[in-house]
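To start, the structure under review is shown below, and the notes come after it.
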Amino acid sequence: MATSIRPETLEGTAREAIASACASVSDPGEADRVDGLAPGVVARPADTDQVAELLRAAAAHDLTVVPRGRGTKLSWGLPPTGADVLLDVSGLDQVLDHAAGDLIAVTQAGARLADLQEVVARGGQCLALDETVPGSSVGGTLATNTSGPRRVATGTARDLLIGVTVVRADGVVAKAGGRVVKNVAGYDLGKLVIGSLGTLGVITEAVFRLHPVPEARRWVSVPVADPAAAQVAVQSVLHSQAVPGAIEVEWGPSGGRVHVLLEGRPDGVAGRTESVCSLLGDSSAETEEVPAYPWDVTAAGDDRSTALKLTFALSGLAKVLEVVHVTGVRLRGSAGAGVAYAAVAPGTPPDEVRSVVDALREACAGVGGTLVVVDAPAAVKAAVDVWGPVPALDLMRRVKDQFDPDHRLAPGRFVGGI
C-alpha cells in the first residue's frame, strides 16, 4: 500500500526520477492544491509515453499520484489521502484527428472540451456532451462523468466514447476500442474508467463518435405551479412524437419551469415547437438560449455552494420535487433522464446541509435513485456522508485492487476510500 511522502521530503532520488520521466516538473503553488491538500511536486508530461514513464517512476519510489486535467473539478469527491505527485495532463492538449466523413474525433485528454467542439464544428459536427463546468478538459469530463441536457437524446460519455488510451498505475499503456462505432475489440475499458475520478488509470487519449450540428434549435419553456404539474408536463412531452433533444426541469423557492429542447431541420423544428407549445399550454415561452446551471461548481474556497447530484425514476419526479421544495434548495436537471443537480446556498451550516442531504437522499431512494454530494466546503464534507449507500462497493474495491493494487492513484477520492 502506497504511503504519502510529505511534500517537503519529495527530494533526492524520488524527485530526480520524476524529473527524468517528465520534461516539466515544478514545486506546487496554491492553485495546485487538491481539495485543500498540497501535492509534493507538479509534473506536466507532454505525451502518453511520458505519462507512462512518470507512473513507472512513481511506482518505483512508492509515490501517490493524483491526475489533473484543467483543475476545474479537483474539489469533487473527497480529498485524497496522498498526493506526492500532481500529474497535470494539460500539456496533452491536441485534437489529433477529425475524420468528418466517419463522424469520428481523436483527442488528447488535456484538450479543453470547448476547443474540441470548435475543431469539429468546422466540419459541421459536434460532440454531444454539454460543458457543465466552464474550461473542463476532455479527460476531466470523462473522469467525473459529467453530462448535461442533451443526454436525453444522445446519452452520456459512456455512449459517445468508442476508444480510449489509459496508463495504468504501473506505467503499462492500455488501449480499448478503436476508430469505428461498431468496434468490439478488447474489454470495454472506457466504460470502466469513466466516472472513476482518476483512481483506476490516467486517461491520455479518447476517440468519440460525433453528431451533425443541428440546422435549427429551439427551447420551449413553460412555468409549472407545483411538482405534480411538472411531472405532467415532462411526461406529456416524453410520450409525444416531439422527439426532444432535452427535457429540463428547474425548481427554486418560488416554483419551477420545464424546458424542452427541439433540434433538427428548420421546418421540422418549427412543427414540433408548435406541437410542444400546444402540449404545455398557450402560455409557453420560447427562447434560443440554454438556461444556465443555477450554481458555480467551480467556485473555490469555503464559500462555495454544496452541489448535489440526484437520480430517480422518471415516475418519481414529483415526489423528489416535493422534498426539494420543502428544503428550499435550487434544482436543475434532465427530467427526461432522471438526473438532476441541486445546490445548497453557500454559508449554510453543516448540520443544516446534512438534514437536506438526508431528506433528499431518502426521497431519491424511495423512487429507485441515489444522491451524491458532488462538491462542498471542507466542513460540510466532514459532516455528511458524501457518497451514501453503494451496493456494488465490494466489486468496486476488487476492481481497484486489480488495476491499482498499491492504491497509489488518487487514493481516497472515490467511494469507500478507493
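Looking only at residues in region 90-116 that are touching an Asp or Glu at 6+ places or on another chain (Cβ under 8 Å) and more than 22 Å from Cys22 (Cα to Cα), the one that is surrounded by the most Cβ atoms within 10 Å (Cβ to Cβ) is Ala105.
For region 65-119, a residue qualifies if it is closer than 18 Å to Ser24 by Cα, over 18 Å from the mean Cα position of the chain (by Cα) and among the polar types (S, T, N, Q), and exactly one does: Gln94. A single member of Ala52, Ala23 is more than 30 Å from Arg209 (Cα to Cα) and either aliphatic (A, V, I, L, M) or not assigned by TED's automatic domain parsing to the domain that holds Val166 (or both), and it is Ala23. Would region 338-351 turn up any residue that is surrounded by 15 or more Cβ atoms within 10 Å (Cβ to Cβ) and at pLDDT 95 or above? For region 338-351, residues surrounded by 15 or more Cβ atoms within 10 Å (Cβ to Cβ) and at pLDDT 95 or above: present. When only residues in region 307-336 that are small (Gly, Ala, Ser) and in contact with a Phe, Trp or Tyr (Cβ under 9 Å, 6 or more places away or on another chain) count, which is farthest from Gly368 (Cα to Cα)? My answer is Ala307.
Quick check: is even one residue across region 101-113 under 21 Å from Tyr341 (Cβ atoms), hydroxyl-bearing (Ser, Thr, Tyr) and assigned by TED's automatic domain parsing to the domain that holds Asp32? Scanning region 101-113, I find no residue that is under 21 Å from Tyr341 (Cβ atoms), hydroxyl-bearing (Ser, Thr, Tyr) and assigned by TED's automatic domain parsing to the domain that holds Asp32, so the answer is no.
Do we find that Val367 is of a type outside the set (Asp, Glu), crowded, with 16+ Cβ neighbours inside 10 Å and either in contact (Cβ under 8 Å) with a residue 60 or more places away in the chain or not assigned by TED's automatic domain parsing to the domain that holds Gly195 (or both) in this structure? Yes; evaluated as a whole, the condition is true for this residue. Cβ-Cβ contacts under 9 Å between residues 6 or more apart (or on different chains), taken from a first residue in region 216-241 that is closer than 28 Å to Gly124 by Cα to a second residue that is hydroxyl-bearing (Ser, Thr, Tyr) and surrounded by fewer than 18 Cβ atoms within 10 Å (Cβ to Cβ), are listed as Arg218/Thr287; Trp219/Thr287; Val220/Thr287; Ser221/Thr287; Gln241/Ser275. Here the strands (runs of 3 or more DSSP E) wholly within region 1-119 that include at least 1 residues being not aliphatic (A, V, I, L, M) are 65-68, 85-88, 95-99, 104-108.
Among the helices (runs of 4 or more DSSP H) lying completely within region 124-171, list those that include at least 3 residues that are crowded, with 19+ Cβ neighbours inside 10 Å and not assigned by TED's automatic domain parsing to the domain that holds Glu248. Lay out the reasoning, then the answer.
On the way: elements: 138-144, 151-154, 157-160.
Filter on region 124-171 gives 138-144.
The values are calculated or read from the model by the stated rules, or taken from the named source; none is laboratory data. All of these numbers come straight from a predicted model, not from anything done at the bench. Quick reminder, even Gly has a Cβ in these numbers, built from the backbone with ideal geometry, and neighbours come from all protein chains shown.
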